[in-house]
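A quick write-up on the structure given underneath.
What follows is calculated from the coordinates using simple rules that are stated; it is not laboratory data. Predicted model only: the values in this text are computed from it and were never measured. Note that each Cβ is placed from the backbone with ideal geometry, even for glycine, and that neighbours are counted across all protein chains shown.
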Amino acid sequence: MGEKLKKQFDPAATLQEVESKFEMFQILNEEGKIVNEDAVPDLSDEELVELMTRMVFTRILDQRSISLNRQGRLGFYAPTAGQEASQLASHFALEKDDWILPGYRDVPQIVFHGLPLWKAFLFSRGHFVGNQIPEGVNVLPPQIIIGAQYVQAAGVALGIKKRGTADVAITYTGDGGSSQGDFYEGINFAGAFKAPAIFIVQNNQFAISTPRDVQTSAKTIAQKGIAAGIPSVLVDGMDPLAVYVATRDARERAVKGEGPSLIETMCYRYGPHTMSGDDPTRYRTTDIDNEWAAKDPIVRFRIYLEGKGLWDEQKETEVIERAKEEIKAAIKKADETPKQKVTDLISNMYEEKPYNLQEQYEIFEAKESK
């Protein structure tokens, strides 16, 4: 191919140019030092402390949930340790009336958005009460089908636009979820209708056991949003300040009518994909674990807040003890909830039961009354 034509037609160079634009946005580095002074958000001391409190609470919740799962007192559970900044800092940029459409690992966000913790525990157990969201709490139950929440978020965001309210819909998936068809359909639909949606991809490096570079040849997941014509950014997902700023910016543009955004947060899950038999030692090395442990979001934020005189060991201990007590009370309330019955499932499915389910209902009702 001649040089003149190559300048006019070089798809490979175009791809490289697009990929080169996605440099990771960071404000607080691994050592807890500000490296991007101009981007530091205007958060009050009280807000900084509150964000740290939520992150520490979530780490304790994760530890306790793993223990409860091993005891057989919880059902399905996806560990969250390592992703606290990605989850809680993005949520911190939201308003109460915004809608959250979570994936199965995103329970912390919906708890801090108003879902009672005891109901979150019941969700894990598969109990229908866990999916009964209190009035005024704008969340959907965690989506187990990978990527499906992206299509739902696009629809909710379009509904918000049609209502004319200054709210957004935010949703989360992992790097593996970005290879699902629903992911592309969701961001494309939202982009076409300029719906106020924020799509977050928590790139924790492994889709269960599949490394990110195996499940897609894209250099970044953020660049996939460009194909849908929506602003996209790559963020240090272990940096709470950077995640907050990126989400706040996306929300501000969305409520102005500028449409959706895609945020890729580079993070890591310290534990297994879920507690349902996954063994991360089979596909992750100790060196990789140690590399990401050195980037811990709580450690770096702790150093930053200590330097500002806002945090100390005593304050963290108080948060930890309070978290343990709240978790203990929540699991007790979940335990006291009447066990789910087969007749409950049938009644919840249909307002008017078809004849075959009516027959089954009567059979199980008789068994349950004994």
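General observations
- Percent of Cα pairs exceeding the 34 Å cut-off, where the set is the chain: 31
- Loop chymotrypsin sites (Phe, Trp or Tyr not before Pro), the stretch 271-370 (other Cβ atoms within 10 Å of the site Cβ: 13 or fewer; DSSP): Tyr350
- Listed residues Ser90, Ser65, Ser276, most fluctuating in the chain (Gaussian network, C-alpha, under 10 Å): Ser276
- With the helix formula -39500 (n - 2.57) applied to DSSP H stretches of n ≥ 4, the chain reaches a computed 222 nm mean residue ellipticity of -14500 deg cm²/dmol.
- Lysines whose Cα lies under 25 Å from that of Lys367, excluding same-chain neighbours fewer than 8 positions away: Lys339, Lys341, Lys353
- Those trypsin sites (Lys or Arg not before Pro) in the stretch 169-278 that DSSP places in a loop and that have at most 11 other beta carbons within 10 Å: Lys256
- For the chain, the longest site-free run once GluC sites (Glu not before Pro) in DSSP loop states with at most 13 other Cβ atoms within 10 Å are removed: 136-350
- Candidates Phe121, Phe193, Phe25: whichever shows maximal mean-square fluctuation once the chain is modelled as a Gaussian network with Cα springs under 10 Å: Phe193
- Loop-resident trypsin sites (Lys or Arg not before Pro) (DSSP state other than H, G, I, E or B) in the stretch 1-97 with no more than 10 further Cβ atoms inside 10 Å of their Cβ: Lys96.
- Two tests apply to each whole DSSP H helix in the chain, Cα reach of 24 Å or more along its axis and mean Kyte-Doolittle hydropathy of at least -0.5, and the ones passing both are 45-70.
- Every pair of different Cα atoms in the stretch 64-197 enters the Kirkwood calculation, which places the hydrodynamic radius at 15.3 Å.
- Of the cross-linked pairs Lys33/Lys315; Lys333/Lys370; Lys119/Lys370; Lys162/Lys256, those separated by over 18 Å at the C-alpha level are Lys33/Lys315; Lys333/Lys370; Lys119/Lys370.
- Of all DSSP-defined beta bridges confined to the chain, some 10% are antiparallel rather than parallel.
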